[in-house]
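Working notes, structure below.
The values are calculated or read from the model by the stated rules, or taken from the named source; none is laboratory data. Just so it is clear, the model here is predicted, and its values are computed rather than measured. With ideal geometry, Cβ positions are generated from the backbone for all residues, glycine too; neighbour counts draw on all protein chains shown. Remember, those area values only see protein heavy atoms, side chains included, never the ligands or the DNA or RNA. Shrake-Rupley method; radii C 1.70, N 1.55, O 1.52, S 1.80 Å.
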Amino acid sequence: MTNIDFYYDKSHRRLRLTVCGHAGFAPIGQDIICSAVSILVQTLAEYVKNIYIRGALQKKPVIILEHGYASVCCIPKKRAQAELRRCFEIIQTGFRLLAQTYPQYILLNAEL
């Protein structure tokens, strides 16, 4: 099962996505659910990198992309807070669709 956690710390404006585990739908390398999870995480990571390049984060984001584990954590500057929250919400929508379609393979915890 893949565990997906979204977290938003309002007091510090910290946004975080953590993904852990493998869906187990098919063998590793052939699993369509893991592929969908991977592209959503990579899309968010790339967007956060671009926001950082634009100078809209308080500090460099923490992005970990490993086999079976991923984390994207950032703290936007006030001017980019709404934009970045929307981006996380859009990615969360993709995960929600996966969790609804494949509930036995995805566990989603969303606090945005």
Check: Restricting the range 1-39 to residues that are open to solvent by 80 Å² or more (accessible area, probe 1.4 Å), in contact (Cβ under 8 Å) with a residue 12 or more places away in the chain and out of contact with any Cys (no Cβ under 7 Å at 6 or more places or on another chain), which is farthest from residue 71 (Cα to Cα)?
Finding: 25
Checklist line | Residues being charged (D, E, K, R) and outside any loop (DSSP other than H, G, I, E, B) - total across the range 1-41 | finding: 4
Margin query: Among the residues of the range 55-70, are any in a strand (DSSP E or B), among the aromatic types (Phe, Trp, Tyr) and either within 18 Å of residue 20 (Cα to Cα) or touching a residue at least 24 places away in the same chain (Cβ under 8 Å) (or both)?
Written below: yes
Note to self: Tell me yes or no: at least one residue of the range 99-110 is assigned to a strand (DSSP E or B) and modelled with pLDDT under 95.
What the structure shows: yes
Margin query: Suppose we keep only residues that are more than 17 Å from residue 3 (Cβ to Cβ) and exposed (fewer than 15 other Cβ atoms within 10 Å of the Cβ) within the range 59-76. Which one would you say is farthest from the chain's Cα centre (by Cα)?
Written below: 59
Note to self: Looking at the range 30-42, can you tell me whether even one residue there is of a type in the set (A, V, I, L, M) and farther than 17 Å from residue 99 by Cβ?
What the structure shows: no
Checklist line | Number of positions in the range 82-106 that are surrounded by 13 or more Cβ atoms within 10 Å (Cβ to Cβ) and hydroxyl-bearing (Ser, Thr, Tyr) | finding: 2
Notebook entry, point to check: Any residue in the range 34-54 that is among the charged types (D, E, K, R) and within 21 Å of residue 108 (Cα to Cα)?
Noted result: no
